[in-house]
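Below is one structure, written out as structure tokens; the observations come after it.
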Amino acid sequence: MVEIGAWVIEGLWITGIVAFAISGALVGVRHNLDLLGVLVVGLATGIGGGVIRDMILGVHPPVSFTHWPYWSAALIGSLAVFFFHPSLSKIRTFEIVFDALGLGIFSAYGAAISAERDFGFITAVFVGTVVAVGGGVIRDVLVNEVPGVLTRELYAVSAIVGATVATLITQLTGHLLIATAVGGVLATALRLTSYARGWHLPKPRSAS
Amino acid sequence: MVEIGAWVIEGLWITGIVAFAISGALVGVRHNLDLLGVLVVGLATGIGGGVIRDMILGVHPPVSFTHWPYWSAALIGSLAVFFFHPSLSKIRTFEIVFDALGLGIFSAYGAAISAERDFGFITAVFVGTVVAVGGGVIRDVLVNEVPGVLTRELYAVSAIVGATVATLITQLTGHLLIATAVGGVLATALRLTSYARGWHLPKPRSAS
Amino acid sequence: MVEIGAWVIEGLWITGIVAFAISGALVGVRHNLDLLGVLVVGLATGIGGGVIRDMILGVHPPVSFTHWPYWSAALIGSLAVFFFHPSLSKIRTFEIVFDALGLGIFSAYGAAISAERDFGFITAVFVGTVVAVGGGVIRDVLVNEVPGVLTRELYAVSAIVGATVATLITQLTGHLLIATAVGGVLATALRLTSYARGWHLPKPRSAS
């Protein structure tokens, strides 16, 4: 039973990596990069969050560099985008969806794994949020755009909600899998709903 | 006596965090980001230097993630800016002042703490300088501006001066508090004076 | 004999640092930065790759901060550029050449040192590639350009080739010096040839 749970969680994490890699590779295609450029942005976005997590937790070298399923998942996702991407007019929508999926899984799992290691509540939420937004920041800085976390609808909010829920569930029940699944679905749904409805947080007064 | 000194130093460091967080949040307001965007830039700028320091020294997870006074200081400073910021025409000036204050404290304290750990002279100056300019680089890269350290008047010079003085005092007397105070005041004063007077270092010849 | 080999490798690594520092300082001159701005970009580019390597391997503080030949090599290279740089019209060419030299040495040595520490084949290639492109990414992000690794001819490919060859030679023979020399020459030659001939990888279909 524990075995199966561990496998499902590994599968969820890899799903998050692939989702972020796809979002990164799509940005690369939109910027008209060549094959390697697309792969580099895809890889950096897919494994960036995990590398940041390992830097924070002090894991050397980062697991994403040594555990082949992680980087090969990011590689395959990026290659798939290069060869089978949608037409340019639709890329933005696909970017948003895959980015939201990665955001949800990374925020929930990053927080749950930190909570399991007995970090405090706030620290776990913090790590989850940083892991979730980190890959996207790397992606956007690489192609010289202002990171989506600063401008997209309820982006950081969704990550914080996912991380908070996952931390709570992990601390109360110890169920990493349930924490990741519930927190991840919530964060992804909130991000996509806010995008579809155009929900925004208030802006500073004199600048509005 | 030692107790009180430690408290004062903690207070100084938190002052630096708040100052940098305010400078970051002001940049966010100037870029017309929403509430969370302003908070993210403010937090990243306020605790960025400390996170870089912990990455260099190998402290996992970074103290800023686990010690609540640090991140809450950055959060409160950012929130205050969001709700009570000056009119846009004056934001630039406030940015410069708070940034200079953070620069001074971080350069001096970063160097002093490294010198106390028996790093060599140059390494301590180096760490202090990197800690001081790191948060600002994160802030400026996030909003897609060329980092102030590359273009502002005597910016890196001020950090180097503050770090050097603080390292010397720490190595000679062991007084962390005096080192931080003297180095910090010097660096902040030099930075603000250079700004007010428009002091610049020479530019490369053919490009002038 | 071993002694001499170690010295030659140290010399190669320092050559790579100087080459990257020169490329960074040239970019600074091209952007019309002042003296400290040029030095900051030069230093960050020269030692950036090594710092990233140490972050990955968990070396605290980074060797580049504590071992004076490294940072002083970067400093001297940057200073030399500031005072004796070519005319602006020729800077681009010099940038490409020194950047290619740094790319070659860093990719090969980064991979060889990882292979010597018994990391797996893929991990060693990965570390070498990240070390080689890392300094350049820092340089380009600092001055707000899209990193060359995403757009330049066979840039990442050259680093991967250099890292792969160096890893193979290290794993088969244990000769760090030969691995670094052969891998480095190959990567530099491939990068320069691709630049001179305008070789590009294919671009995504609908974006071409």
**Q.** Odd one out for residue C:54 among (1) touching a Leu at 6+ places or on another chain (Cβ under 6 Å); (2) surrounded by fewer than 24 Cβ atoms within 10 Å (Cβ to Cβ)
**A.** (1)
Q) Which of the residues spanning the stretch C:188-208 are surrounded by fewer than 19 Cβ atoms within 10 Å (Cβ to Cβ) and aliphatic (A, V, I, L, M)? A) C:189, C:196, C:201, C:207
Q. Identify, please: which residue in the stretch C:124-158 is among the polar types (S, T, N, Q) and more than 9 Å from chain A (Cβ to nearest Cβ) and is, among those, surrounded by the most Cβ atoms within 10 Å (Cβ to Cβ)?
A. C:158
Q. Out of (1) more than 19 Å from residue B:57 (Cβ to Cβ); (2) touching a helix residue (DSSP H, G or I) at 6+ places or on another chain (Cβ under 6 Å), the odd one out for residue B:172 is which?
A. (2)
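Based on what the data block shows, is residue B:140 under 12 Å from the mean Cα position of the chain (by Cα), in a helix (DSSP H, G or I), at pLDDT 90 or above and among the acidic types (Asp, Glu)? Before the answer, list the steps.
Numbers: under 12 Å from the mean Cα position of the chain (by Cα): no; in a helix (DSSP H, G or I): yes; at pLDDT 90 or above: yes; among the acidic types (Asp, Glu): yes.
Answer is no for this residue.
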Q | Residue selected from the stretch A:88-123 under the condition of a type in the set (S, T, N, Q) and in contact with a helix residue (DSSP H, G or I) (Cβ under 9 Å, 6 or more places away or on another chain), by the criterion farthest from the other protein chains (Cβ to nearest Cβ) | A | A:107
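Every residue, every condition in (1) charged (D, E, K, R); (2) outside any helix (DSSP H, G or I); (3) more than 7 Å from every other protein chain (Cβ to nearest Cβ), yes or no:
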{"site": "B:3", "(1), (2), (3)": "yes, no, yes"}
{"site": "B:12", "(1), (2), (3)": "no, no, yes"}
{"site": "B:15", "(1), (2), (3)": "no, no, yes"}
{"site": "B:74", "(1), (2), (3)": "no, no, yes"}
{"site": "B:86", "(1), (2), (3)": "no, yes, yes"}
(Q) Need the failing condition index for residue A:144 against (1) touching a Gly at 6+ places or on another chain (Cβ under 9 Å); (2) among the polar types (S, T, N, Q); (3) farther than 29 Å from residue B:83 by Cα, just the number. (A) (1)
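Please verify whether the stretch C:37-58 includes one or more residues that are outside any helix (DSSP H, G or I), within 14 Å of chain A (Cβ to nearest Cβ) and in contact with a His (Cβ under 6 Å, 6 or more places away or on another chain). Reasoning before the result, please.
Of all residues in the stretch C:37-58, those outside any helix (DSSP H, G or I) come to C:58.
This time we only want the ones that are within 14 Å of chain A (Cβ to nearest Cβ), so: C:58.
When the remaining residues are screened for being in contact with a His (Cβ under 6 Å, 6 or more places away or on another chain), the result is C:58.
Yes - at least one qualifying residue is present in the stretch C:37-58.
Taking the stretch B:51-81 as the search range and keeping residues that are of a type in the set (S, T, N, Q) and touching a helix residue (DSSP H, G or I) at 6+ places or on another chain (Cβ under 6 Å), which one is nearest to residue B:23 (Cα to Cα)?
To start, the set of residues in the stretch B:51-81 that are of a type in the set (S, T, N, Q) comprises B:64, B:66, B:72, B:78.
Adding the requirement that they be touching a helix residue (DSSP H, G or I) at 6+ places or on another chain (Cβ under 6 Å) leaves B:64, B:66, B:78.
Details: B:64: 18, B:66: 23, B:78: 9 Å.
The residue in question is B:78.
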Q) Can you tell which of C:185, C:165 is touching a Gly at 6+ places or on another chain (Cβ under 8 Å), more than 10 Å from every other protein chain (Cβ to nearest Cβ), surrounded by fewer than 21 Cβ atoms within 10 Å (Cβ to Cβ) and farther than 27 Å from residue B:151 by Cα? A) C:185
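The values are calculated or read from the model by the stated rules, or taken from the named source; none is laboratory data. The structure displayed is predicted, hence computed values, not measured ones. No Cβ is skipped: glycine too gets one built from the backbone with ideal geometry, and neighbour counts run over all protein chains shown.
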